[in-house]
Amino acid sequence: GAFIRLGPLALFYFAIIFPESLAFDRKLPWIKWIVIAPMLLRAGLSGLAFGLLAHHRDAVLGLRAALVAVDPAGTDVELGMIGLSFVILVFKTVTSTTRDARRRLLVLDVGAAIGLLPFLATYTWLVIHNERFRGWPALLCLAALLVFPLAMAYAIVINRAMDVRVVVRQGLQYLLATSGIRIV
């Protein structure tokens, strides 16, 4: 549950800092934490709820009220964060000062459009029509989601958007952090 909630948050943070921080973030770096902090709390509570669900179903019912109180429009905020991430990446592409940076960001923009727009459009349509996210639309949207990480890998490795050593180091740090969380 927590990792599902962290996806839009990670995408939002990635859009702000990659390949360099937004000018707005450099001037007021604390602003992003107004959105990030409640979403981190919600992700933690969601993870706790899913963990308790396996052995203590009754305890989860009390936690559900806390989840709703922390963020009553959680899914809407998460969808908004995904959309805002896409807007930030496009803004960075348009305002990029060098052709090389613009080319790398354009690869990410196309990957994000192919990977994220079908998911956002289908999910929004299903929410409006009060239907469940399953069947072929869900399968196709989830398959399309693979395009964005592939575009990111292409931009990093082939176009040298980031040094590969940095990517490996950050990946190892993430692996150690998630393993530490699981152990705790």
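The values are calculated or read from the model by the stated rules, or taken from the named source; none is laboratory data. Computed from a predicted model, the values in this text were never measured in an experiment. FYI the Cβ positions are ideal-geometry reconstructions off the backbone, even for glycines, and counts take in every protein chain you see. Note: areas computed on protein heavy atoms with side chains; ligands, DNA, RNA excluded. Shrake-Rupley method; radii C 1.70, N 1.55, O 1.52, S 1.80 Å.
Quick notes on this one:
- For Asp25: the one exception among (1) under 30 Å from Lys92 (Cβ atoms); (2) at pLDDT below 85: (2)
- Selection over region 45-65 of residues that are modelled with pLDDT under 70 and either under 22 Å from Lys32 (Cβ atoms) or open to solvent by less than 40 Å² (accessible area, probe 1.4 Å) (or both) gives a count of 2.
- Residue match in region 128-147 (condition: of a type in the set (A, V, I, L, M, F, W, C), modelled with pLDDT of 80 or more and over 27 Å from Ala43 (Cα atoms)): no
- Scan of region 78-107 for residues that are farther than 21 Å from Val35 by Cβ and of a type outside the set (Lys, Arg), ordered by number: Thr93, Val94, Thr95, Ser96, Thr97, Thr98, Asp100, Ala101, Leu105, Leu106, Val107
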